[in-house]
Amino acid sequence: MSGQARVVIIGGGFGGLSAARALKSAPVDVTLLDRRNYHLFQPLLYQVATGSLSPGEIAAPLRGVLSRQKNTRVLLGEVQDIDPVSKRVLLADGANFEYDFLIVASGSQSSYYGHDSWRKHAPSLKSVEDATSIRNRIFSAFEMAERIFDPAERRSWLTFVIVGAGATGVELAGAIAEIARQTLRHDFRSIHPEEAQIIVIDEAPRALPPFPEDLAQKAVDALAKLGVQIKTGHIVNEIDESGLTFQGQDGMDRLDAKTIIWAGGVTVSALGKTLAQRTQGETDKSGRIKVGPQLNIAGYPEIYVIGDLALSLGTDGKPLPGVAQVAMQEGTYAAHSIVRKIQGRKELKRFKYFDKGNLAVIGRWAAIADVFGMHLSGRMAWLVWVFIHLMYIVQFQSRVVVFIHWAFQDLTFSRGARLITGNAESEEEMSSRSRGAR
């Protein structure tokens, strides 16, 4: 590496990768650190979890993506600590890297609101491993129901509960409903998969809070046509291996379900908490670090925090949402800001987020879109969703493969990646969940 300014980027997600790409021709030495060797297209993780796509189709090796950037190196490692005084990043294996500028895009993790014991019984969807584990649970549930004759026990295996009625929860519910009512309807002899119950529970007063109310209602109506039940205004009190207990308008209730998926809130990573402590940065209740108009931590103009970790305010004074397009725009802004500082040019004006809208897909030819003030639903919204997601996938080859899979699935309802895979640990978990079913 040369004697140019050293830029260290932590995280190869949407924000970190956008920052690295924006520094392609800059007079800097870039080091991108990530504990994974790939960029993951998280918005499509639910399609891995429901057998539509394979992990390799929504992930791209970071080295391959950045191979033509001669000023950039990609290193595999987990950042454990940051010393803002000596301007040094420390890895879990003891390695350390000095920086002149630091971009922290370490993302978020699922929050169980103080009930971490629920994680074992209700996995969340934040990684490839999570997605394949959930895929195992979904398809194994139908397999277990096929060999059980007790009606009550069979019903519990054919009941799928998703906690969280945001975009992820709604998309998962629609996909599982299509699996039950279309993909698997001719595959079994003892059960009728289309009789499966798919239930979405959320304490919010309505589903899809970020969307306009009219679009959210259209999504709920589309899910109802697929047989999905939406229970809003319900608070989950307990989750165990047999089901969950929740508080509704009529008091406490119990739902027996062998497959529960967590699509609730998020919190910052352990590194985010460490950075906040080291910099004495102000945080919100979920741990996001408050940044200034230029995305810096107060007192540390060389440290940029972007993406899910950043508490960045929009021009309306409200916090920006933790979505991919925010992270991408923040990453590009941070990169341009660093270049201007190196060149001694006037500092950029405050970061302004350009909202391109929100999208959520419900099922085949069904979606909702709030794009540039237009409220779209049905087939038109679905086409917009397909186009935008294909364009955001990093590798061209993956775009082609995903498009072919989607086209084939919409014609046949087939899901080619519905494999049940796993290791000894997942088999042990399955055995635990099936006790009493024999």
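Each reported figure results from applying straightforward, stated rules to the coordinates on display, with no laboratory input. Keep in mind the model is a prediction, meaning the values are calculated, not measured. Positions of Cβ are generated from backbone atoms using ideal geometry, with glycine treated the same way; all protein chains shown enter the neighbour counts.
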Rounded to the nearest 0.05, what FRET efficiency do SER190 and LEU419 have when you use their Cβ-Cβ distance and R0 = 30 Å?
0.90
If you look at just the Cα atoms of region 138-220, how large are its Rg and its Dmax in Å?
14.5, 45
In region 46-157, with Lys and Arg counted as +1 and Asp and Glu as -1 at Cβ, which of these residues, GLY114, ALA145, THR50, has the Cα nearest the positive end of the dipole, that is, farthest along it?
THR50
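Using a/c under 1.5 as the rounded threshold, could you call region 118-184 rounded, prolate or oblate? The axes a ≥ b ≥ c are square roots of the C-alpha gyration tensor eigenvalues, and prolate needs a/b larger than b/c, oblate otherwise. Intermediate values should be presented prior to the final figure.
Numbers: a/c = 1.79, a/b = 1.51, b/c = 1.19.
It is prolate, given that a/c is not under 1.5 and a/b is the larger ratio.
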With the chain treated as a Gaussian network of Cα nodes joined by springs under 10 Å, which of ARG135, ARG345, ARG21 yields the largest mean-square fluctuation?
ARG345
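Neighbouring Cβ atoms within 10 Å as the yardstick, rank ARG254, ARG35 fewest first.
On the way: ARG254 12, ARG35 15.
Lowest count first: ARG254, ARG35.
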Return the whole-Å distance between the Cα centroid of region 132-164 and the Cα centroid of region 26-83.
33 Å
Over the Cα atoms of the chain, what Rg and Dmax result, in angstrom?
22.6, 75
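So what's Rg/Rh here for region 36-160, counting alpha carbon atoms and using the Kirkwood radius for Rh?
Working: Rg = 20.3 Å, Rh = 18.1 Å.
Radius of gyration over Kirkwood radius for region 36-160 works out to 1.12.
Determine the dipole magnitude for region 239-371: charges of +1 sit on the beta-carbon of Lys and Arg, -1 on that of Asp and Glu, nothing else is charged, the reference point is the Cα centre, and the result goes in debye to the nearest 20. Intermediate values should be presented prior to the final figure.
Numbers: 17 positive and 14 negative charges, 185 e Å.
In total the dipole reaches around 880 debye.
Taking chymotrypsin sites (Phe, Trp or Tyr not before Pro) as candidate sites, keep only those in a DSSP loop with at most 13 other Cβ atoms within 10 Å, then name the longest stretch of the chain containing none of them.
On the way: sites that count: TYR113, PHE149, PHE188, PHE354, PHE372.
Of all site-free stretches, the longest is 189-353.
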In degrees rounded to 10, the 0-90 angle between helix 128-146 Cα long axis and the longest Cα principal axis of the chain is 0 degrees
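Gain in length, GLN277 to GLN4, computed as 0.36 nm per residue apart minus the alpha-carbon separation, to one decimal in nm?
Numbers: separation 273, 0.36 × 273 = 98.28 nm, distance 2.95 nm.
Separation in residues times 0.36 nm, less the Cα-Cα distance, equals 95.3 nm.
Give me LYS349, LYS218, LYS290 sorted ascending by neighbouring Cβ count inside 10 Å, so fewest comes first. Write down the numbers at each step before the final one.
Working: LYS349 8, LYS218 22, LYS290 17.
By the 10 Å Cβ count, ascending, the order reads LYS349, LYS290, LYS218.
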Compute the distance in nm between two label points, each set 7 Å from the Cα along the Cα-to-Cβ direction, one at ASP410 and one at PHE396.
2.3 nm
Report the full-extension gain for the segment ASP150 to SER242: residue separation times 0.36 nm, less the Cα-Cα distance, to one decimal in nm.
31.6 nm
Gaussian network model of the chain, Cα within-10 Å springs - most flexible of ALA219, ALA417, ALA167:
ALA417
Can you give the angle from 0 to 90° between the axis of helix 213-225 and the longest principal axis of the chain, with both taken from C-alpha atoms, to the nearest 10?
40 degrees
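Would you please give the FRET efficiency between ASP214 and LYS356, computed as 1/(1 + (r/R0)^6) with r the Cβ-Cβ distance and R0 = 22 Å, to the nearest 0.05? Please list the in-between numbers first.
On the way: r = 19 Å, r/R0 = 0.88.
According to the calculation, E is roughly 0.70.
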How large is the Kirkwood hydrodynamic radius of region 184-260, in angstrom, based on all distinct alpha carbon pairs?
14.2 Å
Compute the long axis of helix 167-178 from its Cα atoms, compare it with the longest principal axis of the Cα atoms of the chain, and write down the angle in degrees, 0 to 90, nearest 10.
30 degrees
For the chain, what is the relative contact order in percent, using Cα pairs closer than 8 Å and at least 6 residues apart in sequence?
20 percent
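At a Förster radius of 25 Å, what calculated FRET efficiency corresponds to the Cβ-Cβ distance of ARG36 and ASP93, to the nearest 0.05? Walk me through the numbers before you get to the answer.
On the way: r = 15 Å, r/R0 = 0.61.
After rounding to 0.05, the efficiency reads 0.95.
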Could you give the distance between the Cα centres of region 220-287 and region 290-326, to the whole Å?
25 Å
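If you average the sequence gap of Cα pairs under 8 Å that are 6 or more apart and divide by the length of region 205-328, what percent do you get for the contact order? Write down the numbers at each step before the final one.
Details: 144 pairs, mean separation 14.2, N = 124.
Relative CO of region 205-328 lands at 11 percent.
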